[in-house]
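One structure is given below, encoded as structure tokens.
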Amino acid sequence: MLPLTEENKHVAQLLFSSGTCPRCIFRFCGVDLPAPYKHPSKELLNELQKFLEPEKPELILEAPNPPLKKIRLHEDGIDNLSEDGKEGVSVTEDESMAEKPSKLRVCNVCLGILQEFCEKGFITKVCQKVEASGFEFTSVVLSVSFPPQLSVREHAAWLLVKQEMGKQSLSLGRNDVVQLKEAYKWITHPLFSEELGVPTDGKSLFEVSVVFAHPETAEDCHFLGEVCRDCFKPAKNKQSVFTRMAVLKALSKIKEEDFLGQFPCPPNSPKTVCTVLEVECTHGAVFVAGRYNKYSRNLPQTPWIIDGERKMESSVEELISDHLLAVFKAESFNFSSSGREDVDVRTLGNGRPFAVELLNPHRVHFTSQEMKELQQTINKSSDKIQVRDLQLVTREAIGHMKEGEEEKTKTYSALIWTNRAIQKKDIGFLDDLKDLKIDQKTPLRVLHRRPLAVRTRAIHSMKTHYLDEHHFRLHLKTQAGTYIKEFVHGDFGRTKPNLGSLMNVTADILELDVESVDVDWPPALDD
């Protein structure tokens, strides 16, 4: 049964005779239930043709003998009837206003999108490509990109129907027409779900993107560029100014009479259907977090490249992420951490929290045992670093790590040198200083990558351990974001007060270790 009523018949006939497919006719008749769209195209075409056939009038003539009965005559039978029609018969016409093409014509509105590209055969081909892509997924979201000229053709069809309905004192708003993408989704989502064996979910991280094109009608949009020049501006990474959004903007601006003067209404029937430019599978990023220890004083956190020349053979980032990249079969990654240490600084204790964003991973499901084995693989690969608490996390959870960069505390151990000889009593006063406020102008060594500013930081506590006349060990607990090296040597007076000014000496730092980063993330795991 078609979802159309007698009220829709005139509009349906108008569109059908101009070359519009049944599903598009449903859209313009406001059919907003998914079920009718799901029937096969040929079945819908046959049903629509029957619906559009005119009612067949009956000719009733007197027949005294035999008793009155109705018989159906072919067209040639009608011509043989006498004027007075003494022999009682019932005649039904076999002519039809509805055109019956021998094959499906390409729709002049959707250009075939709601015809063969909704059928199971096409969906099966797409799913074969999906399964061959090698992605792991438990749900799927289908996205489609239609040629921008579809919007022009739909606008023309809408104006046609709107004018026709206006003659009957009826109205048709632009939003009364069911969107092409909505109808396509109703038809194809169940087919995709059945074929792939997973549910379709708009929030799924796994996306199958199908891009359609129709070269034959590519110039349909060009007249809009003349009428609404301000809507079409060149943009980066766009091959054409006639994007879908730009076309929709122009259609919202153009006057009806201007549109009708430039574009045929109804739109012309095309000779060919759309082509599929590409079927692309992508998976949203997954995130792996943990804590790392760095034991080398010759290892940068991230690749150290200056003027295109690599200065160190590896980095913390690469020693961790290269393994993740391979196991997750991802295209690339982004590494982040709660703060960073200099190349000559070790990170000890429980380590520094880090997170790795893995982009377009093909493998995404790992058991806790598999993550533990991956952690062991990383740790066996180098004696320069170790990782712990390696685990999968959400994007939202990474916010906890970033909060710790400025809000938490960090503990350091530094080996200090002084230019003049000191005694144990000369450093004892430092143990008594609590929550010392210092002002740090952006250090000279990081001025190339950080804006010039004065930042107030707190040295919460210090504990000293005397070594000899020129050396002592200093343990500090500080506010996150404090530049320890600059606090020690003063950075040419850019950090005030500093250790040198407090002791009235020239001081420098020979070794620095991060002993703890007090961020309770990611959650600790059992070994």
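As a rough guide to protection, the peptides 303-310, 518-525 ranked by mean Cβ packing within 10 Å, highest first, stand as 518-525, 303-310. Counting only residues at least eight positions apart within a chain, or on another chain, the lysines with an alpha carbon under 28 Å from that of Lys424 are Lys410, Lys434, Lys437, Lys463, Lys477, Lys485, Lys496. Net charge around Leu444, counting only other residues with Cβ within less than 13 Å of its Cβ (Lys, Arg = +1; Asp, Glu = -1)? Once positives and negatives cancel, what remains is +4. In the context of the full set of protein chains, the chain has a per residue accessible area of 53 Å² (1.4 Å probe).
Solvent-accessible area assigned to carbon and sulfur over region 1-57 amounts to 55 percent, based on a 1.4 Å probe. For the chain, what's the relative contact order in percent, using C-alpha pairs closer than 8 Å and at least 6 residues apart? Contact order relative to length: 12 percent.
Figure the gain on full extension for Asn46 and Asn419 (residue separation times 0.36 nm, minus the Cα-Cα span) and round it to one decimal in nm. Before the final figure, lay out each step's value.
Values: separation 373, 0.36 × 373 = 134.28 nm, distance 9.82 nm.
Extra length available between Asn46 and Asn419 comes to 124.5 nm.
When the solvent-accessible area of region 103-204 is split by element, carbon and sulfur atoms take up 50 percent of it, the probe being 1.4 Å. Rounded to whole numbers, the Karplus 3J(HN,Hα) couplings from phi for region 512-525 are 9, 10, 8, 9, 7, 10, 7, 10, 7, 6, x, x, 5, 10 Hz, using 6.51 cos²θ - 1.76 cosθ + 1.60 with θ = phi - 60°, and x at Gly and Pro. For the chain, adding -39500 (n - 2.57) for each run of n ≥ 4 DSSP H residues and dividing by the number of residues yields -8500 deg cm²/dmol at 222 nm. The Cα-based radius of gyration and maximum Cα-Cα distance (Dmax) for the chain are 37.8, 141 Å.
Relative contact order of region 289-369: 40 percent, from C-alpha pairs under 8 Å at least 6 residues apart in sequence. Quick one: angle between helix 149-166 and the longest Cα principal axis of the chain, in degrees between 0 and 90, rounded to 10, please. Taking the Cα atoms of the chain, the angle to 149-166 is about 50 degrees. Give me the angle, in degrees from 0 to 90, between the Cα long axis of helix 180-196 and the longest principal axis of the Cα atoms of the chain, rounded to the nearest 10. So the helix axis and the longest Cα principal axis differ by about 70 degrees.
The values are calculated or read from the model by the stated rules, or taken from the named source; none is laboratory data. Fair warning: this is a prediction, and the values are worked out from it, not measured in the lab. With ideal geometry, Cβ positions are generated from the backbone for all residues, glycine too; neighbour counts draw on all protein chains shown. Quick note on the areas: whole protein, heavy atoms, side chains included, nothing else; ligands and nucleic acids left out. Shrake-Rupley method; radii C 1.70, N 1.55, O 1.52, S 1.80 Å.
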